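Rule-based calculations on the coordinates, nothing more; no lab input. What you see is a predicted model; the values in this text were computed from it and never measured. For neighbour counting, all protein chains shown are included, and Cβ atoms are generated from backbone atoms with ideal geometry for every residue, glycine included.
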Amino acid sequence: MMTDGQESRWSWSRLAPSGTALVLFCSLFLNVVLGSYIAVQALVAQPQRPPPRGPQQMVARLAERLPPSDAAILREAYLAREAEILAAEMAGQRARARITEILGRPELDVDALRAASKDMRAQRNRISELISEALDETMQRIAPEARQKLVREEFRRR
């Protein structure tokens with residue numbers, strides 16, 4: 001047991017003269033402030049919607065925002081093109097695999113790489129065209145209110 005005159009080996013009074021106590025306090029304070037900010041952002045902030053991963057997910061997300069009858073029109077327009085979309089997706093995946101294989105070779109065949117890249121772009125463009133056709137058909141057939149709602153909620157610039 002220590003008497004009044006004795007000090008322990010470690011004490012706050014030893015930190016004060018060197019300024020370490022002030023630095024330690026500021027560090028602790030900053031950590032609490034930053035931790036609180038991150039916690040509030042995680043709990044209160046609106047989550048950012050990730051972009052759709054493919055045509056099917058995009059159509060499903062749009063259909064969720066439409067009344068059931070208009071969602072059925074969108075699904076019908078998509079389903080009329082689904083086989084072509086899936087075929088283009090598969091061809092794009094094959095082109096991507098060819099690109100990976102070409103890039104993995106010891107000697108780079110630039111012409112083969114360009115051809116595979118061109119094929120992959122063509123498949124992506126074909127998918128975009130088919131989705132655009134489905135959306136064009138849908139927008140012509142759905143109720144004006146539903147179309148305006150999609151414009152407000154989905155098609156505005158972010």
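FRET efficiency for residue 80 and residue 41, Cβ-Cβ distance as r, R0 = 41 Å, nearest 0.05?
About 0.40, to the nearest 0.05.
Quick one: if the Förster radius is 35 Å, what FRET efficiency do residue 108 and residue 128 give, using the C-beta to C-beta distance and rounding to 0.05?
In this case the efficiency is close to 0.75.
How high is the relative contact order of region 20-158, in percent, with contacts defined as C-alpha pairs under 8 Å that are six or more residues apart?
Relative contact order here is 27 percent.
Starting from 0.36 nm per residue, how many nanometres of slack lie between residue 117 and residue 141 once their C-alpha separation is accounted for?
Between residue 117 and residue 141, full extension yields an extra 5.0 nm.
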